[in-house]
Structures are given as structure tokens and as C-alpha cells.
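Below is one structure, written out as C-alpha cells, with a few remarks after it.
The values are calculated or read from the model by the stated rules, or taken from the named source; none is laboratory data. Note that the coordinates shown come from a computational prediction; the quantities given were computed from them, not determined experimentally. Counting neighbours? That spans all protein chains shown, and the Cβs are built from the backbone with ideal geometry, glycine included. The protein model used for the area step is the full one, side chains on, heavy atoms only, and it has no ligands, DNA or RNA in it. Shrake-Rupley method; radii C 1.70, N 1.55, O 1.52, S 1.80 Å.
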Amino acid sequence: MKVLNRRKEESIRVAKESFAQKFMRATGKLRVIFGPAHSSSIDHEMTEDNRRLLAQRQAETQQWETIRRPDGSTYVVPRNPDDKSLR
């Protein structure tokens, strides 16, 4: 009887879980083998290396322009066709 009640309570708990909770429970065995995913907070200070990298990436994105076709598809072309630095 106790086993039946426990299973009933567990099924109610499972029904109330969000998708993320169900996913985490289903992948629990994988996390035991591979370990938890690494996550870091986003509110920490940026290091000088990260600032330089961010500035470099932002400068690289300025060299490209997105063109939209009439059918809605997009493609990227260089703003300056003579610039061969990223190709």
C-alpha cells in the first residue's frame, strides 16, 4: 500500500513539473556519468582579454552587411569589396 501511495504521489509530482524539470530528471543518469554542465554567472566583471576579444569581434562585424532578398532570405556581403582581410 505504501508503494502504491508513493507511486501516486510521484506521478502527481511528475505531472506538475515543467519541461526543464522533466528534462533534467530524464538526463540525470547522463549527468552522473559526464558531470554537470559548466555554467558561470553573467554578472561578473569582464577581464581585459575578454574586452579585447569583444572589441575585435565587434570590429569584424562592422566589415559585413546583411542583404535581404525579396523572398525574405538573407546573405552577408563585405561592406568594402576590396577588403580581403577576413577572406
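Heavy atoms only, probe 1.4 angstrom, no DNA, RNA or ligands counted: give me R31, R68 ranked by accessible area, highest first. Before the final figure, lay out the partial values.
Working: R31 85, R68 165 Å².
If we order R31, R68 from most to least accessible, we get R68, R31.
Go through the range 24-36 residue by residue and turn each phi into a ³J(HN,Hα) via Karplus (6.51, -1.76, 1.60, θ = phi - 60°); whole Hz please, and just put x for glycine and proline.
Karplus-based 3J(HN,Hα) across the range 24-36 equals 5, 5, 5, 9, x, 5, 5, 5, 5, 6, 8, x, x Hz.
By its C-alpha gyration tensor, with a ≥ b ≥ c as the square roots of the eigenvalues, how is the range 48-87 shaped: rounded for a/c under 1.5, else prolate for a/b larger than b/c, else oblate?
In terms of gyration-tensor shape, oblate.
Read phi for every residue in the range 59-67 and hand back ³J(HN,Hα) as whole Hz from Karplus 6.51 cos²θ - 1.76 cosθ + 1.60, θ = phi - 60°, with x for Gly and Pro.
5, 5, 5, 6, 7, 10, 10, 9, 10
Ignoring ligands, DNA and RNA, how do V76, V32 rank by accessible area with a 1.4 Å probe, largest first? Walk me through the numbers before you get to the answer.
On the way: V76 90, V32 125 Å².
Solvent-accessible surface, decreasing: V32, V76.
What distance in nm separates the simple spin-label points at A55 and A20, each placed 7 Å from Cα in the Cβ direction?
Label-label distance for A55 and A20, simple model: 3.5 nm.
As an exercise, use a Förster radius of 25 Å and the Cβ-Cβ distance of T66 and H44 to find the FRET efficiency, rounded to the nearest 0.05.
Numbers: r = 32 Å, r/R0 = 1.26.
With a Förster radius of 25 Å, E is 0.20.
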